[in-house]
Structures are given as structure tokens and as C-alpha cells.
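Beneath this line is the structure, given in C-alpha cells, with notes to follow.
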């Protein structure tokens with residue numbers, strides 16, 4: 001997801017630029033692809049770069065940790081990233097602890113890695129197809145959501 005922000009770095013503080021992406025398959029890693037339904041990027045010009053608000057809606061396929069069935073989950077995430085333009089950045093620029101900040105050339109801002117890392121960080125610890133999932137029988141292995149156990 002690359003954006004050309006040339007000219008934006010010369011605009012006044014508070015200038016806003018919006019970009020959006022819809023219906024895009026996105027590789028998270030070698031065995032996982034998510035479907036980005038909608039993604040809105042709001043670039044807000046600040047002192048040394050831009051504050052980027054990212055509003056991401058995506059679908060992802062998981063396997064239930066209890067019954068092993070495949071299911072699709074929709075995720076809605078809003079997060080912020082601070083971008084510092086290389087041509088404005090100075091080594092004396094203070095970066096607050098805990099903020100997600102990256103440097104980039106304004107002519108080619110690539111947010112792919114930021115999106116990938118954020119999506120991975122929002123994965124659930126335990127993926128369930130539904131809260132009431134009964135899982136598999138520990139003796140015969142039948143899916144208890146679909147059939148009664150014969151044990």
C-alpha cells in the first residue's frame with residue numbers, strides 16, 4: 001500500500017488528505033491472506049511529517065480452536081501512525097516513548113508493513129467459531145456442534 005505524498009510535506013500544518021482502498025487481498029505471511037474490505041487513510045499534516053489515522057475493516061479466515069472448523073471473522077480496527085518525512089527529519093527530533101513512528105520519503109510512503117504488523121497484533125489468543133462452541137469429543141473426535149457423541 002504505497003502512497004505518493006509529494007507536495008503534502010510542503011503544505012501547512014492541519015492540512016488533511018484522504019485515501020481509501022477497497023476489496024484488496026493482502027498477504028499477512030506465507031500461509032495467511034486477509035481480505036481488506038475497506039481501508040481509509042487520513043493523512044493530517046503535522047510539524048515534521050504526518051499523523052495517519054487508519055480505519056481498517058477486514059475479513060480473515062480462522063480455524064476454531066475447539067472444533068477445528070473454518071470460519072470467517074470480520075475485524076474493524078482504528079489506529080494511528082506518525083510519519084516523519086526524511087527530508088524534514090533531524091536527529092534532534094524527540095520521539096515519545098511508545099509511539100509508532102517511521103521515516104519515509106514523501107514521494108513513496110509504503111504502509112504495507114505497518115498494516116501487516118497491526119493485523120497480526122490483533123489476532124485473538126483463542127479463535128472460536130462462536131462463544132458456545134462445544135468442540136470435539138475427547139474420546140471419538142466427533143464435532144459436538146454437529147452431532148451427538150456416541151461414546
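The values are calculated or read from the model by the stated rules, or taken from the named source; none is laboratory data. The structure presented is a predicted model; accordingly, all values stated were derived computationally and were not measured. Reconstructed Cβ throughout: ideal geometry from the backbone, glycine too, with neighbour counts over all protein chains shown.
Restricting attention to segment 7-25, the residues that are touching a residue at least 60 places away in the same chain (Cβ under 8 Å) and within 13 Å of residue 54 (Cα to Cα) total 0. Inside segment 17-32, residues that are surrounded by fewer than 13 Cβ atoms within 10 Å (Cβ to Cβ) and part of a strand (DSSP E or B) make up a count of 7. I'd like the full set of residues that are surrounded by 13 or more Cβ atoms within 10 Å (Cβ to Cβ) and out of contact with any helix residue (DSSP H, G or I) (no Cβ under 9 Å at 6 or more places or on another chain), limited to segment 5-15. If the condition is that a residue be surrounded by 13 or more Cβ atoms within 10 Å (Cβ to Cβ) and out of contact with any helix residue (DSSP H, G or I) (no Cβ under 9 Å at 6 or more places or on another chain), then 5, 8, 9, 11 are the ones that fit.
Within segment 92-121, restricting attention to residues that are farther than 18 Å from residue 54 by Cβ and out of contact with any strand residue (DSSP E or B) (no Cβ under 8 Å at 6 or more places or on another chain), which residue is modelled with the lowest pLDDT? Checked segment 92-121; the qualifying residue modelled with the lowest pLDDT is 92. Here is the figure for segment 13-32: residues that are at pLDDT below 90 and closer than 13 Å to residue 112 by Cβ total 6.
Modelled with pLDDT of 85 or more, farther than 30 Å from residue 143 by Cα and more than 22 Å from the chain's Cα centre (by Cα), is that true of residue 81? It is false that residue 81 is modelled with pLDDT of 85 or more, farther than 30 Å from residue 143 by Cα and more than 22 Å from the chain's Cα centre (by Cα).
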